[in-house]
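Peer 1: I'd like to ask you about the structure that follows.
Where a number appears in this text, it was derived from the coordinates with a stated rule and is not lab data. Computed from a prediction, not measured in an experiment: that's the story for all the values here. Because the Cβ atoms are built from the backbone with ideal geometry, glycine has one as well, and the counts that use them run over all protein chains shown.
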Amino acid sequence: MGGNSILEPFARRNEPGATLDREAVENTEAKVGALLQILVADDHDLMRRGLRSLLEAQPGWQVCGEAHTGTEAVQMAEQLKPHIAILDIAMPEMNGLDAAKQIRQTSTKTEILVLSMHYSDQLIRDIVDAGVRGYIIKSDSDRDLIVAVRALANHKPFFTPHATELMLNSVRDPHAAIESSGSIRERLTPREREIVQLIAQGRNSKDVAELLGISVKTAETHRANIMRKLQVHTVSELVRYALRNKIIEA
């Protein structure tokens with residue numbers, strides 16, 4: 001599988017502390033001008049700067065774009081076709097999970113790494129179901145980020161130990177996994193998830209309509225359908241649902 005690695009010849013594979021093979025890089029760049037292109041999407045400027053600093057300290061790695069929202073991340077991924085897209089799970093306009101699903105469709109060769117503040121078993125299941133092959137916790141970025149990106153660049157998955165354990169347990173007991181994954185995720189459409197996120201972030205129907213390019217009436221219809229499906233009656237209940245299911249983060 002050596003010829004399929006994005007990082008080849010940037011780093012020797014399967015060596016966690018591997019350093020760059022400078023001669024190999026120079027030869028490759030001379031031929032194809034290759035760098036490992038990485039898109040970073042997070043709505044916090046400080047977090048993006050920190051990620052960029054960690055990533056670009058690696059020889060042969062380049063942050064080719066920064067996005068503030070999930071919508072921007074999808075647009076930039078389609079335009080730039082990065083090798084790796086690093087997505088915060090909780091971003092304005094569109095959360096990282098829904099952004100990942102769209103990027104998987106529009107930039108099929110892009111590997112995706114999702115970051116979140118906290119563990120969530122349901123989030124891990126949703127990430128795997130979306131075809132994402134990388135997941136780490138933000139507080140572990142200093143330790144795990146480079147290893148995760150290197151793994152994804154070699155088209156290998158990287159998950160936190162907790163996520164790996166959850167997936168192994170799902171294989172051992174698939175019936176339990178099916179029961180626990182029977183979530184609202186299966187009942188809400190991607191558009192409804194977007195609207196849940198926007199409402200939970202304090203947007204009214206007019207704001208939702210403008211952001212999504214739909215009529216106010218359509219936005220209100222979506223809102224009514226969502227509340228009926230979720231069996232909630234107030235915005236505060238909807239916010240609690242969004243927090244519980246990691247559509248937004250506190």
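Peer 1: Order by neighbour count: R150, R228, R125, fewest other Cβ atoms within 10 Å first, most last.
Peer 2: R228, R125, R150
Peer 1: The stretch 26-161: D in µm²/s via Stokes-Einstein (Kirkwood Rh, Cα pairs, 10 °C, 1.306 mPa s)?
Peer 2: Approximately 109 µm²/s, per Stokes-Einstein.
Peer 1: If you don't mind, another one. What are the ³J(HN,Hα) couplings of the stretch 204-213, residue after residue, when phi is run through the Karplus curve with 6.51, -1.76, 1.60 and θ = phi - 60°? Round to Hz, x for glycine and proline.
Peer 2: Computed from phi, the couplings for the stretch 204-213 are 8, 4, 5, 4, 4, 4, 5, 5, 9, x Hz.
Peer 1: Would you list the P(r) distribution for the stretch 184-244, with all Cα-Cα distances sorted into 10 Å bins from 0 and each bin expressed as a whole %?
Peer 2: The distribution over the stretch 184-244 is 24, 62, 14, given as percents.
Peer 1: Using the alpha-carbon centroid of each, what span in Å lies between the stretch 109-138 and the stretch 220-250?
Peer 2: Spelled out, the Cα-based centre of one part sits 22 Å from the other.
Peer 1: Between L39 and residues 5 or more places away or on another chain, which pairs have amide H atoms under 5 Å apart, with H built 1.01 Å from N, and which residues are they?
Peer 2: HN-HN under 5 Å from L39: C64, I84, A85, I86.
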